[in-house]
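Note sheet for the following structure.
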Amino acid sequence: MTVHRIETEGAGSGAHLPVQLDSFVGRKRELGELNDLLRWHRLLTLVGTAGVGKTRLALELAGQLRGRPPDSVRLVRLDSVTDGASVPRLFARCLGVREGPGEDVARAVAEAAQDCRTLVVLDNCEHVLEECSALVGWLLSSCPALSVIATSREVLRVPGEMTFRVDGLSLPELGGTRSREGLLRSDAVRLFVERARTHERHFEVTADNGPVIATICRHLDGNPLAIELASRRISMFPVEEILARLDDRFELLNLGTRTSAGRHRTLRDAIGWSYGLLNEAEQIACRRLSVLPGEFDLHTAAAVCCGTDLSQRAMLEVVAGLEVKSLVVPTAGQRGTARFRQQESIRMYGLEQLRLRGELDLVHNRLATRLVRLAQPEPDTMAFPGLLSLEEEADNLFQVVVWATARGDDERACLLGAALARCWQEQGYLEEGSDLLGAILARTREDCRDRTVALVYAAWLALAHGDGGKARALADAAVAAERGMERPDLLHEALGIRGLVELTLGAPGVARWRFRECVDVAVSIQRPGMVAWWRQHLALAAAEAGDLEEAEELLREALPSTEDSAGSPVRAHGLAVAGMVALARGDTATASEHFRASLRSVAPAPYQCLYSLEALAVLSAQEGRAERALRLASSAEALRRRHSVPAAPTWRDRVDKAVTAARAKLPHKENSAAAAAGSRLGLEAARAYGLDDHWVDPADGAVDRRRNGGSVLSGRERKISTMVAEGLTNRQIAARLGISPRTVDAHLEHIRNKLDLRSRTQIAIWAAGRIDHEGS
């Protein structure tokens with residue numbers, strides 16, 4: 001009988017870990033976590049996309065273990081294996097085990113590893129996954145002293161396996177520091193600089209090139225292979241030109257080292273290797289999902305991918321397969337739904353494949369159809385202007401608008417351009433939305449049906465931007481386009497924006513005429529929700545004109561029909577208008593009741609909330625509560641600016657008078673402090689303060705927030721706030737939680753709003769205080 005034994009490192013046999021020829025950059029946190037995991041798990045699989053640095057991280061981790069247990073560390077490279085049946089033999093050879101004639105190789109390895117504490121780095125398992133899984137499972141169950149670190153683009157699915165997702169290197173925060181020291185805290189920037197210096201030894205980060213380097217690293221998703229390939233071009237191109245050429249990155253990033261594995265010599269080869277391992281359905285989905293530059297859910301994935309060659313029923317399994325193989329990345333949807341995204345380089349590879357197969361227009365057309373359906377509200381669901389918010393789809397909308405405009409699809413360019421402009425307005429990009437719609441309108445046909453939608457939104461944005469003349473001209477064009485066209489849905493929107501323009505510009509008499517037409521159109525097509533909506537606007541115009549009797553009569557007709565719509569914008573708006581009429585009557589108790597009911601009846605939305613916040617400021621001023629009046633008025637003013645929501649002149653005058661009266665009752669210093677505190681409130685915090693008189697200053701309310709803040713945050717928000725206190729960047733938080741940095745940004749905004757905090761530093765201070773408080 002042959003006795004098998006693995007010789008220890010000192011004996012000099014087997015496959016030693018290779019000596020690395022360049023520096024290892026970053027990954028301090030990952031190495032710490034992996035070291036901890038190895039204490040408790042005998043199979044640790046590092047998974048991640050092509051070029052993300054799984055092998056280098058595994059070797060660095062294993063190298064740190066040499067000289068202390070285990071007795072032996074061995075590397076088994078599988079990248080050159082073409083036949084899965086040879087995996088056990090290669091495994092045995094690297095461990096220095098020779099099987100006897102006719103002897104089972106796996107048993108020989110198991111016998112050799114029985115008593116020797118051995119760590120095996122099993123590198124690049126994805127193309128021989130079944131054979132690796134079977135061998136590793138057998139050996140781990142037979143050899144209690146054996147541990148394995150595997151690298152793969154897909155998990156092995158062996159019992160006891162601990163998976164560790166390797167993400168891109170840490171990136172500088174968007175809008176963060178531009179200083180050299182600050183940028184070099186990013187692992188991705190540091191890697192670019194260190195590798196660039198091997199090609200241009202005097203290369204340095206400066207105030208001019210630092211932000212460009214950071215942008216290059218972001219466009220490459222912090223992927224180490226892509227960053228190293230980009231840095232090799234520094235001897236030929238300045239960083240600005242490298243950035244400009246990333247739109248054609250596969251031609252740019254093709255200068256790998258001659259000693260690299262063939263599939264790692266260029267970025268295209270690295271991604272192509274992963275793509276080639278997919279089954280047919282996964283390849284179809286991988287390339288068709290590339291039309292989505294932003295996040296997507298399973299419904300959108302199915303809409304763009306499915307046809308005669310891929311069924312809707314298969315979509316869940318296909319997307320799950322792509323996620324497991326690191327070709328899509330899961331993100332946390334803001335509404336509790338699963339969402340995903342493709343990293344930019346993978347997406348660009350998919351677009352190449354789409355072009356090669358002539359599917360580019362087909363898939364864009366499917367995406368456009370999906371987004372049109374998402375943007376349009378259900379019949380009689382009032383949203384004004386009349387498209388639903390698609391903020392989560394903003395990046396995908398932009399892609400489709402560019403495509404539709406380029407191919408002369410005027411209808412969808414207008415409708416989806418308007419939807420995109422709305423998203424941008426909500427994000428504070430008012431001018432960009434106006435420019436977009438201006439460009440679309442300049443090149444669309446006059447008889448295009450959805451041109452009216454673009455005109456309505458362009459008028460709304462001009463009004464929000466303070467350009468009343470332009471808003472009136474665009475609204476007039478919308479009304480003129482719909483007169484006699486027998487398209488009542490579009491006519492009532494055109495008339496509605498015309499009325500809002502006049503109301504905002506101080507002409508309530510003209511506005512009443514337009515809103516009355518809106519009511520007539522809505523009645524003619526039997527849309528009770530629209531009837532109520534426009535009657536409320538007509539009541540507001542009547543109140544602005546001083547006709548309180550008509551306003552009250554209109555509200556008596558409109559409000560009862562919204563009682564079953566609690567939580568809708570229609571109900572919230574009607575209650576706010578009723579409050580304004582009661583306020584004009586001098587019935588402050590009824591007015592206050594209506595305004596608070598309006599705030600309670602709808603999730604925070606600027607158009608519905610701001611009049612109520614301002615009205616409560618007016619009431620507070622009348623009650624002699626000057627500080628509360630100034631805080632509420634300042635919060636509403638800041639939110640109007642932030643969300644570009646204009647107000648009627650007479651209403652602005654009333655609020656301004658209340659603010660002036662409140663200021664007269666306070667010393668200058670207290671005036672400034674109250675106004676500054678109010679302006680720091682987010683929409684949710686302002687709404688909460690409007691409903692509850694209790695005030696906690698955003699700047700110094702740490703004690704109350706420490707006591708109560710943890711209960712208003714979700715579990716994930718509490719976890720993120722703790723990570724901020726630990727000093728982690730958004731990218732590091734995203735990597736740790738398996739979500740996107742953009743989702744981390746959204747969570748931080750929610751935390752700031754809920755806790756009335758202004759900055760990341762205040763979140764860190766609050767979280768640190770909460771930890772201390774809970775530990776005491």
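The values are calculated or read from the model by the stated rules, or taken from the named source; none is laboratory data. Keep in mind the model is a prediction, meaning the values are calculated, not measured. A quick note on method: Cβ atoms are made from the backbone with ideal geometry, for glycine too, and the neighbour counts reach across all protein chains shown.
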Per the filter on segment 639-663, residues in a helix (DSSP H, G or I), crowded, with 18+ Cβ neighbours inside 10 Å and touching a residue at least 40 places away in the same chain (Cβ under 8 Å) are LEU639, HIS643, TRP651, VAL655, ALA658, VAL659, ALA662
Note on segment 441-479: residues of a type in the set (D, E, K, R) and free of Cβ contacts under 8 Å to residues at least 40 places away in the same chain are ARG443, ARG445, GLU446, ASP447, ASP467, LYS470, ARG472, ASP476
Candidates ALA677, ALA658, ALA664, ALA673 - the one that is modelled with pLDDT of 80 or more and within 30 Å of ALA541 (Cα to Cα): ALA658
Working only within segment 111-146, note down all residues that are modelled with pLDDT under 85, of a type in the set (Gly, Ala, Ser) and surrounded by fewer than 20 Cβ atoms within 10 Å (Cβ to Cβ). SER141, SER142, ALA145
Within segment 178-211, the count of residues that are in a helix (DSSP H, G or I) and either of a type in the set (Asp, Glu) or at pLDDT 80 or above (or both) comes to 14
Picking from ARG498, ARG472, ARG516, which residue would you name as being buried (at least 24 other Cβ atoms within 10 Å of the Cβ), charged (D, E, K, R) and under 19 Å from ALA648 (Cα atoms)? ARG498
Taking segment 664-676 and keeping residues surrounded by fewer than 20 Cβ atoms within 10 Å (Cβ to Cβ) and assigned to a helix (DSSP H, G or I) leaves ALA664, HIS668, LYS669, GLU670, ASN671, SER672, ALA673, ALA676
Among helices (runs of 4 or more DSSP H) completely within segment 255-355, the ones holding 3 or more residues that are in contact with a helix residue (DSSP H, G or I) (Cβ under 7 Å, 6 or more places away or on another chain), crowded, with 21+ Cβ neighbours inside 10 Å and at pLDDT 90 or above are 280-288, 298-305, 315-324
